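Remarks on the structure that follows.
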Amino acid sequence: MKKVNYFQPYCLKTLMTPSFEDQILALREVINRYNLHYYTHDEPIITDAEYDRKIQQLRQLESENPEFKTPDSPTQKVGGAVLSAFSKVNHEIPMLSLGNVYSAEELEAFVERLNNRLDTRDDLLFCVEPKLDGLAISLLYVKGHLLRAATRGDGRIGEDVTHNIKTIKNIPLTLKGQHIPELIEIRGEVVMPLADFNAYNQVAEQQGQKRFANPRNAAAGSLRQLDSKITATRPLAFYSYGIGQVSSEALPDSHYQRLLQIKAWGLPLSQEVERQGSVQGCLNYYHSILQKRDNLPYEIDGVVYKIDDIKLQEKLGFVSRAPRWATAHKFPAQEEQTLLLDVEFQVGRTGAITPVAILEPVFVGGVTVSRASLHNKDEIARLGLSRGDTVVIRRAADVIPQVTSRLAEKNPHFEAIIFPDLCPVCQSELEQIADEATIRCSAGLFCAAQRKQAIQYFSSRKTMNIDGLGEKVVEQLVDADLISTPADLYGLHADQLVELERMGPKKAENLINAIHQSKQTTFARFLLAMGIREVGEATVNNLTEHFLTLQRLQQADKEALQAVDDVGEVVAQHIIHFFRQSHNVEVIEALLEAGIHWPQLTAKPQKSLPLSGKTYVLTGTLTQMKRNEAKVLLQTLGAKISASVSAKTDCVVAGESAGSKLLKARELGIAIIDEEQLQVLLASLQNSTG
Ligand code: IVH
């Protein structure tokens, strides 16, 4: 008998490694479980990145051990089971999936396989497209009318979601133009545009409602509504990427030309679709789209390369689950899973208590993340978090990393995360305003955390601009009880400062000078420095231009405040609340006494411009000009630009994939123009003003 030395790692490994068949069976079991959660329950229990790794592993094991390949393996199937709530739809031509490549080498190998199969060395022409991260949908048009819309389902049988699809604004109910086949099935992706996804989650967070984990879940959840009135309130958009069944043969022989034909019939097509004639061209495309990723209106998880010549596509055909003539080149994942080590409760400038997840560091979206936002108390409860849980971290676009879900079954021995009852810094009571999800420390400037941040905000670049008064210095000054309000800064002496860490006499003198210089300021900077809730730069400018003096602003009632652009009921209430608090008034008086002053503002002469007195809102993506450019042009014609649609709005400019603002404008019966109409308007008004 062979002797085994149990202390040798090699032998241990040999003893413990299961057979290939066992590994394959185990992988299939876990992947089937993931599929069930993902497709059937709409609740992933693993990140896409982890899923892709598992599928790759299984595919490799199966290809190295073909004797264990079976038709029921998850590598041979597409999608998941069909939900029973919607009626079933048979896909005459199955809706398939795509193979993946992750590197230049894998792409080269893919193209080489194509060349070998086609028996050619010529450069192949590819149609290259962004890989939208949403939900695959089939749209069946008969005699040019949208007859039926279905999800992919398991690839052969999908769900009939016609009623819901008909609420999506950029899907035409009737095709326009010429040579429309008697029957044509358009395939593409339904997405929730990123701007709308972020706005939706922000509102959900404020109202203590459930957030969507990511735009794809948002699109899927919105389409799976049984009540299409709910779907109609969700800002969804569709982009075409191919054709399924078609009754006529009179279509172009090029995939790219077919997409342009689809576009000409009125269906949306991503602006990023183009053609590339070489591997290098495809790679350049990959990198340029990767760079643009954060600025695209929708979330993408890679690009897709498709042989452009339809005849070659037909020649290459399919392997069980995917076409041989196309592959996806995946981007680095924006979601990864990691361990939740702890939760810290931070106190913000306005007292908001924000839970922050402390994580086992994980590489996601190109950086290592060890902290992520957990938003608020409701979110912790919704996720049901405990220390030691495995969580999904999402780091997308320029949004701070967030915990979006908890994975796997709960371990009952883990310690649940409990939201504190008292402020973690000053131990004061916490309060929650009705209809707000945020919980705040009630102590205001009596809380050291709020004091430090209020003083720091007061001295920052956009406010009083006190050079050299950084976070560390403010922290030391507050901890040493040298200051407790911004007004105390003006009573500091250099000899008090030299006592602080890393503060020599020269630095102390410079800081005292900077504090002194800050006394000469502007009304807008001073008002911004007060840190009134939801009163940012734009609002401050509107307020100061409107009221001209601090005294008039302080005396303004709710009605007077709401007459100012961009000031709604909530902001007006915050302003009134701020000026009613005696300690705020005391600080203001002390600051003015210390010598803070600004040039007196005078009313601007009312120039009569063509759009004077009109309020415009810009929403969606403009394709011919930048949003900021449109904003400036409208402003030079006298228009006010507002960020939100209200009864005060005169006109909404709706670009591509405009969402909730467009809906609101429709609800309120406000004039809506598209980009083309905007161009015409600008041109005619610019001409009229010379
Ligand atoms: S082509 C037969 N093109 O990716 C080819 N798919 O992983 C089928 N997707 O189910 C798909 N953008 O939901 C294609 N430009 C694009 C795509 C795209 C996103 C999705 C689609 C598909 C999945 C495959």
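Pairwise over distinct Cα atoms, reciprocal of the mean inverse distance: report the Kirkwood radius of the stretch 276-349 in Å, one decimal place.
When all Cα pairs of the stretch 276-349 are included, the Kirkwood radius is 15.9 Å.
Using the Cα centre of the chain as the reference point, and only Cβ charges (+1 on K/R, -1 on D/E), how large is the resulting charge dipole? Debye, rounded to the nearest 20.
For this selection, approximately 980 debye.
Defining a contact as two alpha carbons under 8 Å apart and six or more residues distant in sequence, what relative contact order in percent does the chain show?
10
What's the Kirkwood radius of the chain in Å, using all Cα pairs?
29.4
With the crude spin-label approximation of a point 7 Å out along Cα→Cβ, what separation in nm comes out for Ser428 versus Asn465?
Going from the Ser428 label point to the Asn465 one covers 3.2 nm.
On a 26 Å Cα-Cα criterion, which of the cross-link pairs Lys263/Lys626; Lys166/Lys315; Lys210/Lys631; Lys88/Lys166; Lys462/Lys604 come out too long?
Those over the limit are Lys166/Lys315; Lys210/Lys631.
Between Ser442 and Asn170, take the C-beta separation as r, use R0 = 45 Å, and let me know the FRET efficiency to the nearest 0.05. Display every interim value, and only then the final one.
Working: r = 47 Å, r/R0 = 1.04.
According to the calculation, E is roughly 0.45.
Please sort 94-103, 503-512 by packing, taking for each peptide the average over its residues of neighbouring beta carbons within 10 angstrom, highest first. Provide the component values of the computation, followed by the final result.
Details: 94-103: 17.3, 503-512: 15.4.
Descending mean neighbour count gives 94-103, 503-512.
List the aspartates and glutamates whose alpha-carbon lies under 15 Å from that of Lys614, not counting same-chain residues fewer than 8 positions away?
Asp565, Asp566, Asp650
Restricting to DSSP H runs of at least four residues, report the calculated mean residue ellipticity at 222 nm for the chain, -39500 (n - 2.57) per run over all residues, nearest 500 deg cm²/dmol.
Rounded to the nearest 500, it is -10500 deg cm²/dmol.
With the Cα gyration tensor of the stretch 616-677 giving a ≥ b ≥ c as the square roots of its eigenvalues, does the rule (a/c under 1.5 for rounded; else a/b larger than b/c for prolate; else oblate) give rounded, prolate or oblate? Write down the numbers at each step before the final one.
Working: a/c = 1.98, a/b = 1.22, b/c = 1.62.
Judged from the Cα gyration tensor, the stretch 616-677 comes out oblate (a/c at least 1.5, b/c at or above a/b).
Which aspartates and glutamates does Lys54 reach when only Cα atoms under 17 Å apart count, and residues fewer than 8 places away in its own chain are ignored?
Partners within reach: Glu21, Asp22, Glu29, Glu62, Glu64, Asp72, Glu335, Glu336.
Ranked highest first by the average count of other Cβ atoms within 10 Å around their residues, in what order do 289-297, 356-364 fall? Write out the running numbers ahead of the final one.
Numbers: 289-297: 15.3, 356-364: 17.8.
Top of the packing list down: 356-364, 289-297.
Among rounded, prolate and oblate, which fits the stretch 134-194 when a ≥ b ≥ c are the square roots of the eigenvalues of its C-alpha gyration tensor, a/c under 1.5 means rounded, and a/b larger than b/c means prolate?
Verdict is oblate for the stretch 134-194.
At R0 = 30 Å, how high is the FRET efficiency between Glu21 and Arg117 if r is their beta carbon distance? Nearest 0.05 is fine.
Step by step, r from the Cβ atoms, then E = 0.45.
Given the stretch 324-376, what whole percent of its Cα pairs are spread farther than 19 Å? Each step should come with its number before you reach the end.
Details: 627 of 1378 pairs.
More than 19 Å apart: 46 percent of the Cα pairs in the stretch 324-376.
Could you pull out the pairs from Lys169/Lys661; Lys452/Lys506; Lys292/Lys330 whose alpha carbons sit more than 19 Å apart here?
Pairs exceeding the cut-off: Lys452/Lys506.
Can you tell me how much longer the chain between Lys229 and Gln635 gets when fully stretched, taken as 0.36 nm per residue apart minus their C-alpha distance, in nm with one decimal?
Length difference between fully extended and current span is 142.5 nm.
Obtain the nm distance between the two label points defined at Leu609 and Gln496 by a simple spin-label model: each point lies 7 Å from its Cα along the Cα-to-C-beta direction.
About 4.6 nm separates the two model spin labels.
So if each residue of separation counts as 0.36 nm, and I subtract the Cα-Cα distance between Val367 and Asn513, what length gain in nm does that give?
Extra length available between Val367 and Asn513 comes to 48.6 nm.
How big is D for the stretch 384-491, in µm² s⁻¹ as a whole number, if Stokes-Einstein is applied with the Kirkwood radius of its Cα pairs at 20 °C and 1.002 mPa s?
D, rounded to a whole number, is 124 µm²/s.
Calculate the spin-label point distance for Phe419 paired with Leu36, positioning each point 7 Å from the Cα along the beta-carbon direction, and give it in nanometres.
3.3
Using only protein heavy atoms and a 1.4 Å probe, report how much of Glu431 is accessible, in Å² to the nearest 10.
Near enough 90 Å² of accessible area.
On full extension of the chain, what length is gained from Ile55 through Leu548, given 0.36 nm per residue of separation minus the C-alpha to C-alpha distance?
Gain on stretching Ile55 to Leu548: 171.0 nm.
The values are calculated or read from the model by the stated rules, or taken from the named source; none is laboratory data. Since the structure is predicted, the reported quantities are computational estimates derived from the model, not experimental observations. Ideal geometry is used to build each Cβ from the backbone, glycine not excepted, and the neighbour counts take in all protein chains shown. Keep in mind that these areas ignore ligands, DNA and RNA; they rest on the heavy atoms of the full protein, side chains included. Shrake-Rupley method; radii C 1.70, N 1.55, O 1.52, S 1.80 Å.
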